[in-house]
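Shown next, in structure tokens, is the structure this report addresses.
Laboratory data are not the source of any read-out in this text; all were calculated from the coordinates shown. Just so it is clear, the structure is predicted and the values come from calculations on it, not from any experiment. Methodologically, a virtual Cβ is constructed for each residue, glycine included, from the backbone with ideal geometry; neighbour enumeration extends over all protein chains shown.
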Amino acid sequence: MTTDERIKNAATSVCKAIFPNTTNHYDTLFGGQALGWMDEVAFIVATRFCRKDVVTVSMDRTDFKKPIPAGTIVQMVGSIVKVGRTSMQVQVEMFVEEMFSDHRESAILGTFTLVAIDEKRRPIPVRD
């Protein structure tokens, strides 16, 4: 399989409902919860790309563009944006949509770097 085919096949989308147990005192999604979910999506994307053990080494930049209120749905869309020798850069965008309308917009955008590792947790090439 070519690198472009692997990138295409690694793309991942995950949806979640925003319930009160995931919100802060403003009744919007807690930022730490959003980052955790986005990191999980980045992990899935990177794993699907290289089919090796991976770890997150950095969260390069995350822009919180819009608050995400309780009672909405979020969709996280992750994709590979750069492949290095041992690392992959994954962009994850979180969209917020109202439950009872078609209104949907981008709320958070983040970039994560993950590295493939061996059994001794040393970096290894992402491609054989």
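Worth pointing out:
- Between helix 31-50 and the chain: long-axis angle, C-alpha atoms, 0 to 90°, nearest 10: 30 degrees
- Exposed chymotrypsin sites (Phe, Trp or Tyr not before Pro) absent: longest stretch of the chain, with sites in DSSP loops and at most 16 other Cβ within 10 Å deemed exposed: 31-99
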